[in-house]
Amino acid sequence: MRPEAPRLRGAVAALAALLSGGCAGLAGQHAPAPPPVVSPQSTSTTVLASYLQLLQKLATGPAAEQAEIVASAQHDFDLAPTPSHQLKLALILGTPGHPATDLPKAQGLLRELMANPEMLLPAERSLAFLELSQIDDHLTLEAENRRLHDEARAKLAAIANIERSLNERKSGTTGH
């Protein structure tokens, strides 16, 4: 089992809970509009369900299926960089555990989407925000871990130099 699997399953479970609870609380603060033929909540829930299924396949599917999902999302985005294709690609690139994971690219795509609130359905916007938050946290922790490892290596090198210096002094004084 991959080390990211429990964390990814937790994110997928949170999304499933969001789906089962409905998306009524996710709607924006817009003025009421005439009722559409298809309600935004049901459309939003359906879209969210399709993203959830995609992420579950990406998290648990075989490597060949993962590669196919990534290639398909990139192809769709290259042909038509619509907000939904951009979000789909960002979600895929932001999912750890497959070779095409690219957190900085996913972060950039999500920030671009979040800059214009009208580009996404309410549930898509919430999903994008959740994913962006997780990516930001992951990249921040990764940078902090690198910094701490660099500090630890520097301290170990300093200790090794001190030990070497003490050993040289000790050898120099005992040889006289």
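The values are calculated or read from the model by the stated rules, or taken from the named source; none is laboratory data. It should be emphasised that the depicted structure is a prediction, and the values quoted were computed from it without experimental measurement. Ideal geometry is used to build each Cβ from the backbone, glycine not excepted, and the neighbour counts take in all protein chains shown. Surface areas here come from the heavy atoms of the whole protein model, side chains and all, with no ligands, DNA or RNA. Shrake-Rupley method; radii C 1.70, N 1.55, O 1.52, S 1.80 Å.
Details
- Residue in the range 96-120 that is farthest from the chain's Cα centre (by Cα), counting only those that are acidic (Asp, Glu) and assigned to a helix (DSSP H, G or I): Glu118
- Failed condition for Ala73, given (1) surrounded by 15 or more Cβ atoms within 10 Å (Cβ to Cβ); (2) at pLDDT below 50; (3) among the small types (Gly, Ala, Ser): (2)
- Selection of the range 115-137 for residues being farther than 18 Å from Ser50 by Cβ, open to solvent by 40 Å² or more (accessible area, probe 1.4 Å) and aliphatic (A, V, I, L, M) yields only Ala115.
- Inclusion of Leu148 among residues that are surrounded by 10 or more Cβ atoms within 10 Å (Cβ to Cβ), under 28 Å from the mean Cα position of the chain (by Cα) and free of Cβ contacts under 8 Å to residues at least 12 places away in the same chain is warranted.
- Matching option when the condition is among the aliphatic types (A, V, I, L, M), touching a residue at least 40 places away in the same chain (Cβ under 8 Å) and out of contact with any His (no Cβ under 8 Å at 6 or more places or on another chain), among Leu141, Leu109, Leu89, Leu130: Leu130
- Among all positions in the range 59-67, there is at least one residue which is in contact (Cβ under 8 Å) with a residue 24 or more places away in the chain and within 21 Å of Thr46 (Cβ to Cβ).
- You will find that of Ser133, Ser165, the residue that is modelled with pLDDT of 90 or more, under 20 Å from the mean Cα position of the chain (by Cα), assigned to a helix (DSSP H, G or I) and not acidic (Asp, Glu) is Ser133 and no other.
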